[in-house]
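K.L.:
The structure's right below; bear with me while I get my questions together.
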Amino acid sequence: MEPPEQVPDARPFASWPSYLAKARLSKKHQGQELYSTLVEHDQYGFRSYPSIPKVKDYKRHLFLVGCSLTFGEGVQDEDTWAYLLAMNEPKTRVVNMGKRGGSIMDALYYWKYVSWNQIYPEQDGLMIFTIFEDHFERVSRSWRYLSWVTATNPFFEFDGKELKYQGVVGDGLDFKFLQYMKKFGLEYYWLRGTHVTLPYTLKGSNALMADLLLELKNQYLSKFPKGKFVVSHFGNFKPRNDPQNSAAFALELKKRNIELWENRSSESVLKTSESFAERVIKHDGHPNALANREYADFLTQALRAGDSN
């Protein structure tokens with residue numbers, strides 16, 4: 001995606017395609033192919049679906065924001081929940097804004113500096129941010145996150161009460177230190193030794209994430225005042241794995257008037273490790289076609305319930 005003229009730092013745009021492009025995404029495990037998908041990006045770097053019929057006049061927009069779970073890592077176009085939603089809601093412009101390896105800070109950066117209301121004309125609509133446990137490590141800069149993150153991902157911090165852009169992740173001394181450890185083959189030992197510090201790293205992450213979501217909500221509504229902002233999640237990927245943490249996070253969202261669509265649609269079948277395994281790509285961990293379909297069904301029901309109110 002080409003950075004706007006007013007953007008203070010063009011580097012965060014470097015990790016997204018800047019032109020209409022097709023790409024073959026594949027992954028192997030011990031020589032065995034786990035998946036191979038051909039994806040197409042539009043001129044804004046978003047995953048697009050050429051087979052979905054275009055509509056002359058959409059009634060509303062549906063912006064799907066998140067990471068690879070939103071992007072649809074490892075599944076074919078027709079199996080992604082974004083595609084399924086678009087097919088279920090033909091009068092809605094569905095835009096898959098998911099970024100592979102992204103975090104809410106990517107979304108914040110693009111929504112702060114890109115005038116999406118000049119690109120997508122529908123004023124009525126909805127933004128859905130799909131969240132899961134790993135997002136809390138990303139905003140907290142855990143060592144595990146720093147071991148794989150793209151160096152040009154943007155990073156924000158709160159300076160008192162104001163959210164300020166701090167540059168890209170690669171600017172940080174922690175990131176540079178881990179690259180040094182990688183250079184000498186010590187990354188594995190460092191990550192293993194520092195894993196015990198993760199609870200301390202994540203301390204306060206519920207409030208931090210809620211503050212970031214509130215900022216994203218405000219950025220979205222500043223461009224689409226008639227829109228609605230919600231947070232949701234896959235049935236097999238909770239926002240927080242620990243029930244106490246999950247309740248605390250829900251409370252932080254409630255304090256900030258952020259609506260949470262709690263997806264309990266799969267609870268009856270997710271009581272064993274086997275049923276969870278049936279919903280992820282083996283040896284990879286991303287949601288598979290079944291999980292995507294279940295999430296699309298859940299969101300379709302939630303959307304239609306909202307329409308009837």
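K.L.:
Checking Phe175 against (1) closer than 21 Å to Arg256 by Cα; (2) in contact (Cβ under 8 Å) with a residue 12 or more places away in the chain; (3) hydrophobic (A, V, I, L, M, F, W, C); (4) in a helix (DSSP H, G or I), only one condition comes out false. Which one?
P.N.:
Every condition holds for Phe175 apart from (1).
K.L.:
Could you list all residues from the range 178-232 that are hydrophobic (A, V, I, L, M, F, W, C) and touching a Lys or Arg at 6+ places or on another chain (Cβ under 7 Å)?
P.N.:
Leu191, Ala210, Leu214, Phe229
K.L.:
When you scan the range 68-90, do you find a residue that is touching a Lys or Arg at 6+ places or on another chain (Cβ under 8 Å), surrounded by fewer than 17 Cβ atoms within 10 Å (Cβ to Cβ) and not polar (S, T, N, Q), even just one?
P.N.:
No; the residues of the range 68-90 include none that is touching a Lys or Arg at 6+ places or on another chain (Cβ under 8 Å), surrounded by fewer than 17 Cβ atoms within 10 Å (Cβ to Cβ) and not polar (S, T, N, Q).
K.L.:
Collect the residues in the range 141-164 that are surrounded by 13 or more Cβ atoms within 10 Å (Cβ to Cβ), touching a strand residue (DSSP E or B) at 6+ places or on another chain (Cβ under 9 Å) and without any contact (Cβ under 8 Å) to a residue 12 or more places away in the chain, keeping them in residue-number order.
P.N.:
Of everything in the range 141-164, just one residue is surrounded by 13 or more Cβ atoms within 10 Å (Cβ to Cβ), touching a strand residue (DSSP E or B) at 6+ places or on another chain (Cβ under 9 Å) and without any contact (Cβ under 8 Å) to a residue 12 or more places away in the chain, namely Glu157.
K.L.:
Tell me which residues, restricted to the range 33-80, are under 30 Å from Val139 (Cβ atoms), in contact (Cβ under 8 Å) with a residue 60 or more places away in the chain and part of a loop (DSSP other than H, G, I, E, B).
P.N.:
Answer for the range 33-80, where residues must be under 30 Å from Val139 (Cβ atoms), in contact (Cβ under 8 Å) with a residue 60 or more places away in the chain and part of a loop (DSSP other than H, G, I, E, B): Tyr44, Gly66, Cys67, Gly72, Glu73, Gly74, Val75, Thr80.
K.L.:
Let me ask something additional. Filter the range 214-267 down to the residues that are within 20 Å of Val65 (Cβ to Cβ), among the aliphatic types (A, V, I, L, M) and in a helix (DSSP H, G or I) and list them by number.
P.N.:
Scanning the range 214-267 gives Leu214, Leu216, Leu221, Ala250, Leu253.
K.L.:
Scan the range 178-199 residue by residue and report those that are of a type in the set (Gly, Ala, Ser) and in contact (Cβ under 8 Å) with a residue 60 or more places away in the chain.
P.N.:
Matches in the range 178-199: none.
K.L.:
Considering only residues that are surrounded by fewer than 18 Cβ atoms within 10 Å (Cβ to Cβ) and in a loop (DSSP other than H, G, I, E, B), which ones fall in the range 123-140?
P.N.:
Selection gives Gln123, Asp124, Glu133.
K.L.:
Just to verify a result, which residue in the range 213-244, among those that are polar (S, T, N, Q) and more than 23 Å from Phe155 (Cβ to Cβ), is surrounded by the most Cβ atoms within 10 Å (Cβ to Cβ)?
P.N.:
Among them, the one singled out is Asn236.
All of the numbers you see were taken from the coordinates with simple rules; none came from a lab. Keep in mind the model is a prediction, meaning the values are calculated, not measured. For neighbour counting, all protein chains shown are included, and Cβ atoms are generated from backbone atoms with ideal geometry for every residue, glycine included.
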